[in-house]
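A quick write-up on the structure given underneath.
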Amino acid sequence: MRHLPSVLIVEDESAIAELIAVNLRHNGFRPTWAMDSESAQRELDAVLPDVILLDWMLPGESGLVLAKRWRANPRSKAVPIIMLTARGDEADRVAGLDAGADDYIAKPFSTKELLARVRAVLRRRAPEQVAGLVSIGALALDGATYRVTFNDQLLKLGPIEFKLLHYLMCHPEHVQSRGQLLDKVWGDHVFIEERTVDVHVKRLREALGLEAGKMLETVRGIGYRLTAQMPTA
């Protein structure tokens with residue numbers, strides 16, 4: 001029997017949830033509906049879905065809080081999450097993606113677009129596997145323990161910044177365009193603006209600190225490069 005991908009719809013508006021569920025069923029998916037954070041957690045604890053469609057505004061805990069919790073849990077951290085929300089500006093999109101969402105779709109949306117994005121996140125499994133130990137100069141990243149150190153001092157990085165740094169450290173001295181970084185860090189993802197990369201590079205620099213942050217160079221008009229050649233004062 002052919003496996004039908006399961007989709008957990010976390011949406012408190014029943015009319016929207018039913019419309020999504022009907023279209024998913026007609027297109028070969030197996031939808032489940034949860035109308036608040038508590039029932040969503042129960043569904044997730046019972047059966048791990050293939051994709052989660054997660055509304056930002058929910059009774060009880062918000063979708064943003066749920067996304068962060070599910071990303072922090074080893075059992076659910078690899079399940080693709082698409083945020084559904086009426087919030088449409090860039091700061092909100094970045095907040096959703098930074099919380100661990102794989103994609104973001106603003107209401108009102110067409111069911112055709114939603115289906116395309118569900119299929120895209122299912123196709124796009126982990127774009128770059130973060131594993132093993134990588135080091136450049138005094139900067140070291142351990143993919144097994146998710147630790148980053150500079151001069152043996154532990155640095156605190158968010159999940160996207162960690163993946164971004166890992167990719168750059170695996171390709172030192174090579175200039176990476178924003179488009180390349182989107183493909184390799186976020187995956188083959190046409191729905192995220194290239195400016196999102198700039199936001200996360202800025203956060204990565206801040207997390208690295210003043211000295212290590214100098215290793216991450218901006219190549220004007222092209223993209224970014226990680227270099228071991230520390231600039232001299």
Quick one: is Leu53 part of a strand (DSSP E or B) and under 23 Å from the mean Cα position of the chain (by Cα)?
-> yes
Of all residues in region 63-75, count the ones that are touching a strand residue (DSSP E or B) at 6+ places or on another chain (Cβ under 9 Å) and either assigned to a loop (DSSP other than H, G, I, E, B) or free of Cβ contacts under 8 Å to residues at least 40 places away in the same chain (or both).
-> 3
Those residues of region 1-50 which are in a loop (DSSP other than H, G, I, E, B), farther than 18 Å from Phe109 by Cα and not acidic (Asp, Glu) amount to Met1, Arg2, His3, Leu4, Pro5, Gly28, Phe29, Met35, Val47, Leu48, Pro49
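Residues are listed down the side, and each one gets a yes or a no for (1) under 20 Å from the mean Cα position of the chain (by Cα); (2) modelled with pLDDT under 90:
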{"site": "Arg203", "(1), (2)": "yes, no"}
{"site": "Leu216", "(1), (2)": "no, no"}
{"site": "Ile222", "(1), (2)": "no, yes"}
{"site": "Arg225", "(1), (2)": "no, no"}
{"site": "Ala228", "(1), (2)": "no, yes"}
{"site": "Thr232", "(1), (2)": "no, yes"}
Which of the residues spanning region 142-176 are at pLDDT below 90 and of a type in the set (S, T, N, Q)?
-> Thr145
Taking region 51-62 as the search range and keeping residues that are at pLDDT 90 or above and not charged (D, E, K, R), which one is surrounded by the fewest Cβ atoms within 10 Å (Cβ to Cβ)?
-> Val51
Would it be correct to say that Leu139 is surrounded by 17 or more Cβ atoms within 10 Å (Cβ to Cβ), modelled with pLDDT of 90 or more and outside the structural domain of Met215 (by TED's automatic domain parsing)?
-> no
Across region 6-35, which residue is farthest from Ser76 (Cα to Cα) among those that are β-branched (Val, Ile, Thr) and under 25 Å from the mean Cα position of the chain (by Cα)?
-> Ile16
Restricted to region 27-41 and to residues being among the hydroxyl-bearing types (Ser, Thr, Tyr) and in contact (Cβ under 8 Å) with a residue 12 or more places away in the chain, the residue surrounded by the fewest Cβ atoms within 10 Å (Cβ to Cβ) is Thr32
Asp92 vs (1) out of contact with any Lys or Arg (no Cβ under 8 Å at 6 or more places or on another chain); (2) in a loop (DSSP other than H, G, I, E, B): all pass except (2)
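Every residue, every condition in (1) touching a residue at least 40 places away in the same chain (Cβ under 8 Å); (2) over 14 Å from the mean Cα position of the chain (by Cα); (3) under 22 Å from Leu182 (Cα atoms), yes or no:
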| position | (1), (2), (3) |
| --- | --- |
| Met83 | no, no, yes |
| Leu97 | yes, no, yes |
| Thr111 | yes, yes, no |
| Leu114 | yes, yes, yes |
Taking Gly100, is it of a type outside the set (Ser, Thr, Tyr) and either at pLDDT 85 or above or farther than 22 Å from Lys163 by Cα (or both)?
-> no
Evaluate region 174-185: report whether one residue or more is in a helix (DSSP H, G or I), in contact (Cβ under 8 Å) with a residue 60 or more places away in the chain and exposed (fewer than 15 other Cβ atoms within 10 Å of the Cβ).
-> no
Ala86 fails exactly one of the following numbered conditions: (1) small (Gly, Ala, Ser); (2) under 22 Å from Gly158 (Cα atoms); (3) modelled with pLDDT under 85. What is the number of that condition?
-> (2)
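The values are calculated or read from the model by the stated rules, or taken from the named source; none is laboratory data. Because the structure is a prediction, the values reported are computed rather than measured. Cβ sites come from the backbone with ideal geometry, for glycine too, and all protein chains shown count toward neighbours.
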